[in-house]
C-alpha cells in the first residue's frame, strides 16, 4: 500500500526557482458540520471541488504563482482532486492544530529565494475567482502594507454571523480624544472568543486603547474571509511565534495581526469587490446556496447568448460556458437552446444551432455538429478515451440512449426509445440519412447510408444499403436473433 507521504510526493511538482509569489491553500480540515464522510474540500460548487476552484483562482489570478496545498484529513483524496499541476506541492499536516499551524507546516518546505509575497487561502472558498485574486494582489502591492486581509461585509442578522470580526480603531479612544489611527486594523476577533467574553474587551494600538462591549463586537459587519496577503520576510519571522492562547487552544493565523502591529508593521484590510466570492460553508445548506450563486453567475453570463427554458434548472460545466463565450465573440448567432434540467459535462464540444430538450444529459467526450437536436430525457455518454460524434442536422429524439464509441453521420434521425452502444473493440458507425426507430437496440454495428431500421435487436453486424429493383433501399424491420435458454421459459 502506497503511503500518504509517497503519494503526495508523486503528485507534487518542482517549484519555479524564480517565482515571486507563493499561495498556501489550507485544505487539511474535514468539516464536521458538513456531516459527510467526504472531506469538506471535496464538496463541489457547480461541478468542481471547492479546493480545485481555489487552486484555479490563484493559478489564473496570480501569474507565475507557485502553490502549496496543505492536506490532512482524506489527504490522498484531496490531493488527487487537484492532481499533478505545475509548480504545485502537497504538504501533509498530520495533526490539525489551526490555520497558523498549517502555514507553519507549509513554510517548512524550501521555497524559492526570489519569493516576495505569500497568499494564504482556505480551500472551501468555491466562489473565489481569478479576477478577485488579481484585484486583491494589485491592491496589496499598491498599499505598502506588510499584511492585508480580504474581507466581506455581512448584511444579515449579526447573531448568525459566525465569521471572525475585523476590529478597527474607533474615532475616539478610551482617553476621550480623537484617535490618530481611526479605521486602522487592530485585530481579528474570532466569533467563539467574542461569545466567551465575560466583560468589556480593551485592546491597545500604537499607544491608544479602545474598549468594546461584547455586543459592539458582535455587531461588526466586516468579517475575515480567511484570505491573507503577506510580505514573505515578516511572515517567515513571526509565524513561528504564534501561540494557542484562545478558547479553541489552536494556533490562529489571525494572531499575526497583533504581532505585526506590535512590531510597527502595516496591516490593511480590503473588502472584496463581490461579496459572494468570500463565502465559505460549514453545512449543506450553505453549500447549496453557493451552488445556486454559481448557477446564477453562469446564467448572467449567457442569458443574452443562449435561450434557457428555465434559468433555475440547468447545468453547463465551466468549459462549456467558455466555448459559448468564445463562439459569441466571433459574432455568429448561436441559436443554442437549453431546456429545463439539461446537464452538459466538461468534455463536450458544442455546435451552433444545438437544441437540448428538457432533462437531456450529455456527459463524456461528445462532439456536436451544426443544428443537432437532442430530445427530452435522452442520455449521451461514454468512458474516457471514447468519442461520441454527431454530424450536422442529426436528430436524437425522446428517451434515446447513446453510450460509448459512436459516430453518427449527418441528416440521421434516431427516433424515441432507441439504445445504441459502442465499445472500444466494437464501435458503432452510422452513416448519413439513416432512420432508426421503435424499440431498437444496436451494439457494435456499422450502418450504411440511407438505411431505415425499425424494431431491431442487432449485435456486431453490418447493415448494408441493399437496393430494390426500383432503386429504393430495403428497410430493415423486426430483426431479432434466435433466443437462447428457451427451455428455461415456462
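Read the figures in this text as sums done on the coordinates, not as results from a lab. Every value quoted in this text rests on a predicted model; they were computed, and no experiment measured them. Glycine also receives a Cβ, built like all others from the backbone with ideal geometry; neighbour counts cover every protein chain displayed.
Here are some notes:
- With the convex hull drawn over the C-alpha atoms of the range 194-334, the volume per residue is 196 Å³.
- The mean sequence distance of close C-alpha pairs (under 8 Å, at least 6 residues apart), as a share of the length of the chain, puts its relative contact order at 9 percent.
- Residue-normalised convex hull volume from the C-alpha trace of the range 275-328: 93 Å³ per residue.
- FRET E, pair residue 9, residue 214, Förster distance 56 Å, beta-carbon r, rounded to 0.05: 0.70
- Using alpha carbons only: equivalent-ellipsoid semi-axes of the range 303-488, gyration tensor based, whole Å: 32, 18, 14
- Globularity index of the range 156-220, i.e. its alpha-carbon radius of gyration over 2.2 N^0.38 Å: 1.11
- Helical runs (DSSP H, four residues minimum) scored at -39500 (n - 2.57) apiece and divided by the length of the chain put the mean residue ellipticity at 222 nm at -6500 deg cm²/dmol.
- Percent RCO, i.e. relative contact order, over the range 156-220, from Cα pairs under 8 Å lying at least 6 residues apart: 35 percent
- Paramagnetic label zone (point 7 Å from Cα along Cα-to-C-beta, residue 340; backbone N under 11 Å) in the range 402-417: none
- Full-stretch length increase - residue 159, residue 299 - with 0.36 nm per residue and alpha-carbon distance subtracted: 47.2 nm
- Relative intensity of the range 1-86 on a log10 scale, I(q)/I(0) at q = 0.11, 0.20, 0.22, 0.24 Å⁻¹, equals -0.31, -0.95, -1.11, -1.25, per a Debye sum over C-alpha point scatterers of equal strength in the absence of solvent.
- Cα-based helix-to-principal-axis angle, 130-143 vs the chain, degrees rounded to 10: 20 degrees
- The range 388-466: C-alpha pair distances exceeding 20 Å, %: 15 percent
- Mean-position separation - Cα centroids, the range 165-187 and the range 1-39, in angstrom: 39 Å
- Nearest-ten-degree value, helix 284-302 long axis tilted from longest Cα axis of the chain: 70 degrees
- On Cα atoms only, tilt of 318-329 relative to the major axis of the chain in degrees: 80 degrees
- Spacing of the modelled spin labels on residue 490 and residue 237, each 7 Å from Cα toward Cβ, amounts to 9.1 nm.
- Listing 441, 15, 228, 119 from fewest to most neighbouring C-beta atoms within 10 Å gives 441, 15, 119, 228.
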